[in-house]
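The values are calculated or read from the model by the stated rules, or taken from the named source; none is laboratory data. Model, not experiment: these values are computed from the prediction. Note: ideal-geometry Cβ built from the backbone for every residue, glycine included; neighbour counts use all protein chains shown.
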Amino acid sequence: MGSEVGYLVLEDGTILKGKPFGARTVRYGEVVFTTAMVGYPESLTDPSYRGQILVETNPLMGNYGVPSKNLTENGLPQHYESDSIKVEGFIVSRLMRPNHWSSVMTLDEWLRGEGVPGLQGIDTRALVKKIREKGVMRGAIITDGSNPEDVLDNVQKINYETTNFVELVSPKEPIIHEPDRVLYTVVMVDMGVKYGILRELLKRGVKVVRIPWNWDVIEAYYDYNADGVFFSNGPGNPVLLKSVAKSAKKVIEEEIPTMGVCLGEQILALADGAEIYKLKYGHRGINKPVKDLESGKAFVTTQNHGYAIIPETLNEFSVWMINLDDNTVEGIKHENLPIIATQYHPEASPGPWDSTWVFDEFVKLLGGKDDA
């Protein structure tokens with residue numbers, strides 16, 4: 001067992017050798033990295049990582065194990081962002097034995113149980129430097145003894161840009177989450193929502209009706225007698241979701257109170273006629289500085305996205321927030337309607353709670369409908 005060898009194969013022919021953990025298989029994906037030091041249960045279950053092999057920059061992983069799903073809030077597990085691991089594979093420098101009161105299994109056991117491969121013993125610093133210089137790369141993680149030379153052709157054939165990963169993580173039928181005391185009802189276009197977003201809405205008395213990504217959102221809005229609409233986060237290329245952008249345009253035309261997060265923000269921007277471009281290596285981590293241009297305040301945010309809005313192409317929306325590292329768009333607001341969106345994740349999970357107030361702003365917009 002100790003002599004097992006696994007590989008990470010990159011599209012440029014680079015082959016990195018490591019030690020397997022988790023499932024013994026071959027999986028393909030876009031190789032990306034996160035700078036988060038903690039929160040791997042949340043990251044691994046984040047649906048926005050579907051189709052991607054995740055590299056951790058923090059060298060020690062697994063040291064607090066895997067928490068119990070029985071630790072819940074409003075019926076949702078506190079430390080998970082979906083019901084299963086969503087990454088294609090997990091790359092770490094060193095896998096640790098866990099020591100924590102809430103741990104129910106090791107990281108190795110969890111990945112193995114869910115059929116997801118992992119590799120440790122990789123020089124993650126060198127790997128991240130390569131990604132930063134060349135950009136995100138297609139790759140394969142091999143943990144079943146297969147010859148890495150044999151999978152290189154397959155690596156070069158995969159295309160993250162043209163695959164609709166949203167349809168793989170969106171529900172097939174509506175899912176309803178109801179708090180003890182319902183103040184408002186929101187129809188959510190679920191493109192791979194994180195449980196953290198649901199937890200934040202539920203604690204504010206918002207009933208959430210999650211609908212499939214390709215449903216008619218206006219029809220659902222009236223069917224459920226909703227007060228607002230929410231466009232969730234999710235994986236993949238936003239430009240592929242033209243039908244969702246058309247739905248968002250109808251929502252804007254109906255002047256419905258609306259919020260978007262991450263992919264949801266990009267969908268609203270596309271509905272506004274804006275253009276999207278792919279970042280070289282994306283923003284993934286829990287330490288990303290954002291500035292609110294209205295208040296002048298800066299705060300630390302959690303982020304997980306590979307695409308961004310070209311600000312000059314916005315029409316009825318204006319830039320609300322920017323990233324202080326590279327000035328990319330981190331928030332937009334409609335100039336006349338009750339519609340807001342953020343590129344970062346205001347619910348964190350994992351990460352700092354500096355920006356959970358954005359959900360309060362959304363609830364105010366929902367309340368504004370009553371005043372109209």
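Structure summary
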{"read-out": "Spans of helices (runs of 4 or more DSSP H) in segment 177-286 with at least 2 residues within 15 Å of the chain's Cα centre (by Cα)", "value": "195-203, 263-271"}
{"read-out": "Condition met for Leu76 (touching a strand residue (DSSP E or B) at 6+ places or on another chain (Cβ under 7 Å) and not assigned by TED's automatic domain parsing to the domain that holds Gln303)", "value": "no"}
{"read-out": "Members of segment 61-81 that are among the aliphatic types (A, V, I, L, M) and either surrounded by fewer than 20 Cβ atoms within 10 Å (Cβ to Cβ) or more than 30 Å from Tyr160 (Cβ to Cβ) (or both)", "value": "Leu71, Leu76"}
{"read-out": "Count of residues meeting criterion [crowded, with 19+ Cβ neighbours inside 10 Å and more than 23 Å from the chain's Cα centre (by Cα)] in segment 106-129", "value": "2"}
{"read-out": "Answer from Arg112, Arg138 - the residue that is modelled with pLDDT of 95 or more and part of a helix (DSSP H, G or I)", "value": "Arg112"}
{"read-out": "Options Ile276, Ile267, Ile218, Ile211: the member that is of a type in the set (Val, Ile, Thr), crowded, with 16+ Cβ neighbours inside 10 Å and touching a Lys or Arg at 6+ places or on another chain (Cβ under 7 Å)", "value": "Ile218"}
{"read-out": "Enumeration of residues in segment 320-372 that are among the small types (Gly, Ala, Ser) and within 22 Å of Pro235 (Cβ to Cβ)", "value": "Gly331, Ala341, Ala348, Ser349, Gly351, Ser355"}
{"read-out": "Qualifying positions in segment 88-137 - without any contact (Cβ under 8 Å) to a residue 40 or more places away in the chain and polar (S, T, N, Q)", "value": "Ser93, Asn99, Ser102, Ser103"}
{"read-out": "Which listed residue, of Leu268, Leu183, is touching a helix residue (DSSP H, G or I) at 6+ places or on another chain (Cβ under 9 Å) and over 20 Å from His345 (Cα atoms)", "value": "Leu183"}
{"read-out": "Residue in segment 288-323 that is surrounded by the fewest Cβ atoms within 10 Å (Cβ to Cβ), counting only those that are of a type outside the set (Gly, Ala, Ser) and under 15 Å from the mean Cα position of the chain (by Cα)", "value": "Tyr307"}
{"read-out": "Some residue of segment 81-102 being among the small types (Gly, Ala, Ser), at pLDDT below 95 and in contact with a Ser or Thr (Cβ under 9 Å, 6 or more places away or on another chain)", "value": "yes"}
{"read-out": "Every pair of residues 6+ apart whose Cβ atoms lie under 7 Å, when the first sits in segment 249-264 and is surrounded by 24 or more Cβ atoms within 10 Å (Cβ to Cβ) while the second is modelled with pLDDT under 95", "value": "Pro257/Gly368; Pro257/Lys369"}
{"read-out": "Failed item in (1) in a strand (DSSP E or B); (2) surrounded by fewer than 24 Cβ atoms within 10 Å (Cβ to Cβ), with Asn58 passing the rest", "value": "(1)"}
{"read-out": "Test: residue in segment 82-91 that is surrounded by fewer than 21 Cβ atoms within 10 Å (Cβ to Cβ) and of a type in the set (Asp, Glu)", "value": "yes"}
{"read-out": "Qualifying positions in segment 39-50 - surrounded by fewer than 22 Cβ atoms within 10 Å (Cβ to Cβ) and either in contact with a strand residue (DSSP E or B) (Cβ under 8 Å, 6 or more places away or on another chain) or part of a strand (DSSP E or B) (or both)", "value": "Gly39"}
{"read-out": "Selection count where residues are in contact with a strand residue (DSSP E or B) (Cβ under 6 Å, 6 or more places away or on another chain) and closer than 30 Å to Leu16 by Cβ, scope segment 80-102", "value": "9"}
